[in-house]
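The values are calculated or read from the model by the stated rules, or taken from the named source; none is laboratory data. Source: prediction; values computed, not measured. Glycine gets a Cβ as well: all are built from the backbone with ideal geometry, and neighbour counts include every protein chain shown.
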Amino acid sequence: MVTRVVNWNVAKRHAPWRELVEMGVDAALLQEAGNCPTDVVDRVDTGPAASWDAHRWNSDWWHGRWPRLFDRWAKVVKLSNRVDVEWFKQVSPIGRVSDDEIAVSGIGTIAAARVAPASAEPFVVVSMYARWLSPHPSTHSKRGTGYSDGSAHRIISDLSAFIGSTDPATHRILAAGDLNTFYGATDDNRLVLAARDRTVFERMNALGLEFLGPQAPEGGLQADPTPPGLPADTRNVPTFYAAGQKPGAAANQLDYVFASRGFHEQVKVRALNSPDEWGSSDHCRILIESQDE
């Protein structure tokens, strides 16, 4: 049996939900999910709100500052009866959690669940969204977009709780999402803080989480020409296009997949990034297939 999972930043749009239910996949790892449209809500299972909604575990410190705490959640979605899904309820970043909980240190950055295929060993899935954080006012920074590596490292800290041994054979983890970072960025890249981006991938590797790309040639189409700020031999595949562009103009990769060492040998990934298969978000879909041993 092959378990098929889709990773997708759906930009809080409704059309991607409709496309998801037509794909015939088993589960989805979504970012910037928003709410499912009512016409397909009976065909998806987003799990309990406590698995993704930080309003459930945060205090009311944010009242009076914003109308809501956040509304672009990471979610794990069940899409078929070929798998069972057990969602982890989010709690504040405490030191010890129950079996059905995950301690979360960022708002809207992570959702996790245990996926159990009918005829294979279960594995943990993590949807990751490294949302942008603004620099502190005291910095007088000109980086209006802020930085994403802070969110990424919070995500890594949270998912590292599922790694209880230095032996990677003791865990089965699939983590994917929009990290808003450039893999392999050179120091002259003007869009990111390259040295800080590198620490995200280095830390994932240190935890025994193998980088699966997607990377060319099997993982999707590459941008032509190579975007500035990447090495000439980059294998990155574009997964995002900017406002005002179309999929054919996509240049940069922001979305990535990781799997625990050993388990990663069963996993194949591909960015559905050609113009005719892109989908209705500014990020393309990433198809992840786990082959039972």
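Tell me, please, whether a residue that is more than 17 Å from the chain's Cα centre (by Cα) and closer than 30 Å to P168 by Cβ can be found in segment 250-260. Please lay out each step first, then the result.
If we filter segment 250-260 for residues that are more than 17 Å from the chain's Cα centre (by Cα), which is where we start, we get 250-251.
This time we only want the ones that are closer than 30 Å to P168 by Cβ, so: none.
Within segment 250-260 (the criterion being more than 17 Å from the chain's Cα centre (by Cα) and closer than 30 Å to P168 by Cβ), the answer is no, since none of the residues qualifies.
Go through segment 52-93 residue by residue and tally those that are small (G, A, S), surrounded by 13 or more Cβ atoms within 10 Å (Cβ to Cβ) and farther than 17 Å from T109 by Cα.
Of the residues in segment 52-93, 1 are small (G, A, S), surrounded by 13 or more Cβ atoms within 10 Å (Cβ to Cβ) and farther than 17 Å from T109 by Cα.
Within segment 108-146, track down each residue that is in contact with a Leu (Cβ under 6 Å, 6 or more places away or on another chain) and either surrounded by fewer than 20 Cβ atoms within 10 Å (Cβ to Cβ) or farther than 23 Å from K75 by Cα (or both).
The one that is in contact with a Leu (Cβ under 6 Å, 6 or more places away or on another chain) and either surrounded by fewer than 20 Cβ atoms within 10 Å (Cβ to Cβ) or farther than 23 Å from K75 by Cα (or both): G146.
Take the residues in segment 175-215 that are closer than 24 Å to S281 by Cβ and surrounded by fewer than 16 Cβ atoms within 10 Å (Cβ to Cβ), then tell me which one is modelled with the lowest pLDDT.
Across segment 175-215, the extreme among qualifying residues is L191.
Which of the following residues is within 22 Å of G24 (Cα to Cα) and touching a Gly at 6+ places or on another chain (Cβ under 8 Å): L272, L287, L191, L230? Working first, answer last.
Working: L287 fails: touching a Gly at 6+ places or on another chain (Cβ under 8 Å); L191 fails: within 22 Å of G24 (Cα to Cα); L230 fails: within 22 Å of G24 (Cα to Cα).
Just a single option satisfies the conditions, and that option is L272.
Those residues that are out of contact with any Ser or Thr (no Cβ under 8 Å at 6 or more places or on another chain), among the aliphatic types (A, V, I, L, M) and either within 23 Å of R198 (Cβ to Cβ) or outside any helix (DSSP H, G or I) (or both), I need them from segment 121-173; list them, please.
Across segment 121-173, the qualifying residues are V124, V125, V126, I156, L159.
Say we look at segment 241-270 and pick out the residues that are farther than 17 Å from E210 by Cβ, touching a residue at least 24 places away in the same chain (Cβ under 8 Å) and among the small types (G, A, S); which of these is surrounded by the fewest Cβ atoms within 10 Å (Cβ to Cβ)?
A243
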